[in-house]
Amino acid sequence: MLYVSNDIGRELYWNALIVCQYKSEINKFLILKDKFNKNLLESKFDLARDILTEIQSDFGYSNWLIENRIALLEEMEGYEKQKEFVNSITKNKDIEPIVVFLTSYFSIRAEKNVSPNKYNSRIEEVKKEFIEGNSEAEYLINLSEYMQFKLNLNNIEYYKYNVILSYESKMSLIDRYMTLIKICSHISSNTEKKEEISLIRDSIKLLDNAISDTILSSLSLRLGCYENVINDNSKDIIAVIEKYTIGDYKGCISLSEKLLNQSPFLVDIYDVYVKSLIRCLLQNKSAD
């Protein structure tokens, strides 16, 4: 049975403490992740695949790894190869059933003939199937909440973060870290909920002292975790990274281009700018 705490601040900090116990592993993963994205951008798909293999060897399976492996296979070798990989995940008894479930939707999202609107409609249909006629089945409602967060983050303004953290406690170290950052970013982007923003400040301070991640540094700036004065460029960089983090890739591209035209040497922007271009390109291919 899933245990769900009502104290989101304590749950965030507890998860941050756990993640920090593995700071060396997380920092190594982040370096490899950046190398993977760089090779993907430069269309060096063989090198990108080798990096994913190294990540799998070091950290095992994760939702992050599976999703990116599927997307890369679809791009390199097409539908049949990515489906072969998905089938191997489905048959692997060592992988959590919920990961297998999510994998099927990672596969659908990667298909070039599935548009973003079609994909979003499928997610909504599955969520309705979970909830309709099961008002007493709280575990199904919680599962649909987790599924929506993992598969369709940008379409929802607010989540039951405590439910998501409870499900994530069974996942890999990589997934726990990535989800923790997404939740903190999601909360920080909702300026109307100042009481929740105050809850994540201690967690971000703790993480930023242990882990080298641009998104963490930007969150620290946004939340006032640094004593130094935040200049206009810092605020602009925060805004760009925030748009990328919550999945607003078009907004990220638009703001990045505006800022880079004004200040071409804002190097912190280039990474998320390029990643947003890749995301939009993949979405446009799916729409075609």
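Read-outs: derived from the displayed coordinates by stated rules, not from any lab. Being a predicted model, the structure only gives us computed values, none of them experimental. So basically every Cβ, Gly included, is an ideal-geometry build from the backbone, and we count neighbours across all protein chains shown.
Quick notes on this structure:
- Extension gain from S57 to N113, taking 0.36 nm per residue of separation minus the Cα-Cα distance: 17.0 nm
- The Kirkwood hydrodynamic radius of region 46-104, based on inverse pair distances between different Cα atoms, is 11.6 Å.
- Whether region 1-130 is rounded, prolate or oblate, judged on the alpha carbon gyration tensor where a/c under 1.5 counts as rounded: oblate
- Per-residue HN-Hα couplings for region 65-74 [Karplus 6.51, -1.76, 1.60; θ = phi - 60°; Hz; x = Gly/Pro]: 4, 4, 4, 6, 5, 4, 4, 5, 4, 4
- Chain lengthening between K81 and T214 when straightened (0.36 nm per residue, less Cα-Cα): 44.5 nm
- Spacing of the modelled spin labels on K44 and N92, each 7 Å from Cα toward Cβ, amounts to 2.6 nm.
- Exceeding the 24 Å Cα-Cα cut-off - candidates K44/K258; K112/K250; K118/K258; K112/K150; K33/K250; K38/K91: K44/K258; K118/K258; K38/K91
- Full extension of the segment from R279 to F101, taken as 0.36 nm per residue of separation minus the current Cα-Cα distance, would add 61.8 nm.
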